[in-house]
Amino acid sequence: MAKYVVTGAAGFIGSRVATSLLTEGHTVTGIDCLNDAYDPKMKFWRLSSLNKFEKFTLFENDISDSIPSWTLEFEGVEAVIHLAARAGVRQSVLTPELYLTANVNGTLNVLEACRKYEVKSFILASTSSLYGASREQPYSEESESSKTLSPYAASKKAAETLTHTYHYLYGLNTQILRFFTVYGPAGRPDMSIFRFIQSIVDGKELTLFGDGGERDFTYVDDTADGVIRATRLNGYNVINLGSDRPIRIQKVIEIIENVVGKTATISVKERDPSDVPSTWANISLARELLNWTPRTSIEDGIKLAVDWYLTNRQWASHISS
């Protein structure tokens with residue numbers, strides 16, 4: 001069995017990756033600052049599950065600290081899975097400096113620790129937001145990704161560039177994974193599917209920006225599976241992890257309505273210019289290199305997310321989204 005470091009271990013994707021590794025019998029060191037980028041109650045709920053594993057240890061540290069004490073944990077690890085980040089497109093427009101500090105400076109600190117302790121493999125979580133408003137769809141890894149529309153996307157592009165530099169200079173095995181709208185149980189409260197479920201179940205008004213556009217949604221367990229498969233690759237690769245099945249946001253709302261048995265009350269607002277109108281992943285490379293194909297349909301994934309919310313509604317209904 002191997003030792004892994006997962007940054008952002010209390011996060012949505014990080015907690016699922018850590019759980020999968022621990023279930024396989026590996027040792028996982030989690031690093032997370034447990035900030036209030038979104039309601040921390042969700043992070044503590046995820047941690048309550050991780051803390052049941054004897055081979056899990058959490059270090060409550062900020063990866064962007066100027067004197068990072070957590071880097072000692074990198075010695076002798078099989079892979080560093082770097083999922084810690086400031087996420088969210090619209091919020092990044094309001095506080096761009098927070099995104100640059102966490103996503104660029106933080107990534108630099110993690111890469112430096114990988115170099116110092118000669119880590120075998122490094123995984124960087126990136127985003128489909130890099131593709132901006134490109135009309136070339138589905139997006140392949142070679143599609144235009146430098147004309148970003150938000151500070152969040154720009155910060156992740158900078159993190160990708162830094163990561164390539166460390167691969168080039170120090171031979172660090174590096175896999176950059178571009179995630180496409182990950183959803184599922186215990187999902188981020190600021191993401192659309194959690195907000196929609198909460199609003200429809202609890203009879204609150206649901207906000208839709210423009211017509212909502214179209215998104216390539218990926219179920220969280222499928223994403224976590226792709227992340228773990230990527231730790232076995234050598235060299236440098238950029239890989240899309242999406243469903244290759246874009247769906248209109250209005251259709252997503254209809255699916256949730258059918259599962260919940262209630263009709264949404266919708267308030268329409270102007271689309272934010274930082275939002276990309278649509279996303280669609282070409283996942284041919286993921287199939288080729290990772291032997292990976294998402295297994296969970298949007299209908300099944302939404303049902304699982306709704307079931308989780310109903311089970312945890314007593315506290316989840318109070319989460320600010």
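Read the figures in this text as sums done on the coordinates, not as results from a lab. Given the structure is predicted, the values throughout are model-derived calculations rather than measurements. All Cβ positions, even for glycine, are placed from backbone atoms using ideal geometry, and neighbour counts span all protein chains on display.
When you filter the trypsin sites (Lys or Arg not before Pro) in region 172-224 for DSSP loop state and at most 10 other Cβ atoms inside 10 Å of their Cβ, nothing is left.
Distance between the pseudo-spin-label points of THR165 and ASN51 (7 Å out from Cα toward the beta carbon): 3.8 nm. For region 43-87, the set of GluC sites (Glu not before Pro) satisfying both a DSSP loop assignment and a count of at most 14 other C-beta atoms within 10 Å is given as GLU54, GLU60, GLU75. Which pairs, out of LYS52/LYS251; LYS3/LYS116; LYS156/LYS303; LYS43/LYS204; LYS116/LYS156, put more than 27 Å between their alpha-carbon atoms? LYS52/LYS251; LYS156/LYS303, as the Cα separations exceed 27 Å there.
In the chain, helical runs assigned H by DSSP with n ≥ 4 each contribute -39500 (n - 2.57); averaged across all residues and rounded to the nearest 500, the mean residue ellipticity at 222 nm is -11500 deg cm²/dmol.
Inter-part distance, region 57-91 to region 266-321, computed on C-alpha centroids, equals 24 Å. When the label point is put 7 Å from the Cα of ASP39 along its Cα-to-beta-carbon vector, which residues of region 175-199 have a backbone N closer than 16 Å? Hits in region 175-199 for ASP39 at 16 Å: 184-199.
Bridges between two residues of the chain, per DSSP, are antiparallel at a rate of about 5%. Note on region 120-163 and region 182-250: Cα centroid distance 16 Å, given to the nearest whole angstrom.
Computed from backbone phi, the HN-Hα couplings of region 81-96 come to 9, 9, 10, 5, 5, 7, 10, x, 6, 5, 5, 5, 5, 7, 10, x Hz, rounded to whole numbers (Karplus: 6.51 cos²θ - 1.76 cosθ + 1.60, θ = phi - 60°; Gly and Pro given as x). The residues packed around PHE44, meaning those with a beta-carbon under 13 Å from its beta-carbon, carry a net charge of -1 if Lys and Arg are +1 and Asp and Glu are -1. Rg over Rh for the chain works out to 0.94, using Cα positions for both radii and the Kirkwood form for Rh.
Taken about its Cα centre, the chain carries a charge dipole of roughly 240 debye when the Cβ of each Lys and Arg holds +1 and the Cβ of each Asp and Glu holds -1.
Between ARG245 and ARG90, what FRET efficiency comes out of the Förster formula 1/(1 + (r/R0)^6) with R0 = 35 Å and r the beta carbon distance, rounded to 0.05? For ARG90 and ARG245, the calculated efficiency is 0.90.
For region 224-293, the Cβ-based charge dipole about the Cα centre amounts to some 120 debye (Lys, Arg positive; Asp, Glu negative; other atoms uncharged). Restriction of the GluC sites (Glu not before Pro) in region 231-293 to DSSP coil positions whose beta-carbon has at most 14 other beta-carbons within 10 angstrom yields GLU270.
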